[in-house]
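A.B. asks: Take a look at this one; I'll ask things after.
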Amino acid sequence: MQPLLGVLVATLVGGLIGYITNIVAVRMLFRPEHPIGIGPFKIQGLIPSRRAEIAVRLAEVVASYMRPEDVEAVLAGAFERGGLEEYVKEKVAQALRSSKPLRLFSSMSPEAFEKLVESVATSVSRSFSGYARRIGRELAPILAERIDVASIIRRRAEEISLDEVERMFRQVAGPELRRIEVAGLALGATIGVIQGVINYLIIPYLL
């Protein structure tokens, strides 16, 4: 084999080996999901094998930054938003319209009856919403102290499928993973060049 051709082949082979090796290494972050026995050894993806530990650590980190007053603000804000008033109004109106006794003893025209339903539903919903907001402001600090944020996050992290974890990971770190694969190609090619130069250009002239 001609020296330059030998160097070229070594470069291509080294680059291919480095590229495939890094692709496999990235893939093994997530796969295999379950341990696979190969003789006395067991192979499992890094994330699946450490999934419980990752969930616990993630929950601890998030919980350490989420203070009770943050949870309190979220709960209080939920009660302050106007969606509750519309919900109560709709439910009260539905109950009044479907009340057979009320319709039976009502001598009003359909238009007058509908105006009565709208008026009562609006009045009840406003009163209830104001009361709910006051109760919410009082309950928010109590509930915030009792909500275990870490347990909620840990449970949700454990429920996420491995495919979803991989998809999210690749969305966030996709370019970096690609650079790792390309780096394997570059490193393998560099090693191939060095090996080719030594084997086909240097060693023959030393012998």
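A.B. asks: Does Ser127 satisfy being assigned to a helix (DSSP H, G or I) and modelled with pLDDT under 80?
C.D. replies: On the way: assigned to a helix (DSSP H, G or I): yes; modelled with pLDDT under 80: yes.
Taking the combined requirement at face value, the residue satisfies it.
A.B. asks: Output the residue which, of all residues in segment 195-207 that are closer than 17 Å to Leu8 by Cα and loosely packed, with under 14 Cβ neighbours inside 10 Å, is modelled with the highest pLDDT. Walk me through it before giving the result.
C.D. replies: Within segment 195-207, the subset closer than 17 Å to Leu8 by Cα is 195-204.
If we keep only those that are loosely packed, with under 14 Cβ neighbours inside 10 Å as well, we get 198, 201-204.
Values: Ile198: 87, Leu201: 77, Ile202: 80, Ile203: 78, Pro204: 73.
So the residue we want is Ile198.
A.B. asks: Could you list all residues from segment 122-169 that are without any contact (Cβ under 8 Å) to a residue 60 or more places away in the chain, surrounded by 15 or more Cβ atoms within 10 Å (Cβ to Cβ) and not β-branched (Val, Ile, Thr)?
C.D. replies: Correct list: Ser125, Phe128, Ser129, Ala132, Arg133.
A.B. asks: Quick check on segment 46-59: of everything there that is without any contact (Cβ under 8 Å) to a residue 24 or more places away in the chain and closer than 18 Å to Glu164 by Cβ, which residue is surrounded by the most Cβ atoms within 10 Å (Cβ to Cβ)? Even if it seems obvious, please write down each step before you answer.
C.D. replies: First, pick out the residues of segment 46-59 that are without any contact (Cβ under 8 Å) to a residue 24 or more places away in the chain: 46, 49-50, 53, 57.
Keeping just the survivors that are closer than 18 Å to Glu164 by Cβ gives 46, 49-50.
On the way: Leu46: 13, Ser49: 16, Arg50: 13.
Among those that are without any contact (Cβ under 8 Å) to a residue 24 or more places away in the chain and closer than 18 Å to Glu164 by Cβ, it is Ser49.
The values are calculated or read from the model by the stated rules, or taken from the named source; none is laboratory data. It should be emphasised that the depicted structure is a prediction, and the values quoted were computed from it without experimental measurement. Cβ: placed from backbone, ideal geometry, glycine included. Neighbour counts: every protein chain shown.
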